[in-house]
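Notes to accompany the following structure.
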Amino acid sequence: GEEGEERRKRVFELVGVLRRQMIWRLTCLLSGDGRSNSNSQGQQEVMKKQQQIRAIIQSILLPSPSPIQAVIVPGNEKCISLTNRLRLHGFDVYPIRSPTVPKGMERIRIILHTHNTEREVFGLVNMLFESMKDDWSNYFVAKGGGRLPHSRL
C-alpha cells in the first residue's frame, strides 16, 4: 500500500546517501583532494587516473541498488574486527569472510532499514572510511593507480 511505498522510497533514498558519500570520500582519497591536476599532467593522464579511480571505487563499494550493500574489507580478521566495532555503535552489519568469498575480497554487508537516519548513514560512512582509508589507498596503489598524493581528509 501507500505506507509500504513510502518506506521503500525512504530506504532507497538512504541507499543513495550511502553510495554518494562513499563515492565522494573514496574519490577524494584516491585523487588527493578531489580536484584534477591538469596543470602538471596531460589530459590523457588525468582521464586515465579518473578511470582507474572509478574502477577501484567499483571494486571497493560493490554495485547494488538494493538496501543490502557491500564494502570490501580485505582480510578475515580486519573484516570481523571492523564489523564488531560497527555493531558496537549500533550498525546492522555482517562480515562476509573467506572462504565464502575469495581471499582478499572479504566484505561487510550493510543492511539499510527505513528506521535508519541520514545521520546514521553519515556516521557509518565516517567510521568505515576512517578505519579503512589506508587499506583502500594501498589497494589503489596495488591496482596500478600509482602513488597517491597527500590527502587532506
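Before moving on, here are some points about what is shown:
- Qualifying residues in the stretch 67-87 (those that are open to solvent by less than 40 Å² (accessible area, probe 1.4 Å), part of a loop (DSSP other than H, G, I, E, B) and in contact (Cβ under 8 Å) with a residue 40 or more places away in the chain) - the one farthest from Arg25 (Cα to Cα): Pro67
- Tabulated pairs, the stretch 39-61, first under 23 Å from Ile72 (Cα atoms) and modelled with pLDDT of 80 or more, second open to solvent by 40 Å² or more (accessible area, probe 1.4 Å) and of a type in the set (Phe, Trp, Tyr), C-beta under 9 angstrom, 6+ apart or interchain: Ile56/Tyr139; Ser59/Tyr139; Ile60/Tyr139
- Scanning the stretch 134-153 for residues that are modelled with pLDDT of 70 or more and buried (at least 17 other Cβ atoms within 10 Å of the Cβ) returns a single hit, Trp136.
- Of all residues in the stretch 88-120, exactly one satisfies the criterion of being open to solvent by 70 Å² or more (accessible area, probe 1.4 Å) and of a type in the set (A, V, I, L, M), namely Leu88.
- Only a single item in (1) at pLDDT 95 or above; (2) more than 22 Å from Lys133 (Cβ to Cβ) is not met by Val17, and it is number (2).
The values are calculated or read from the model by the stated rules, or taken from the named source; none is laboratory data. Quantities reported herein were computed from a predicted structural model and do not represent experimental measurements. Cβ atoms come from the backbone with ideal geometry, glycine included; neighbour counts cover every protein chain shown. Keep in mind that these areas ignore ligands, DNA and RNA; they rest on the heavy atoms of the full protein, side chains included. Shrake-Rupley method; radii C 1.70, N 1.55, O 1.52, S 1.80 Å.
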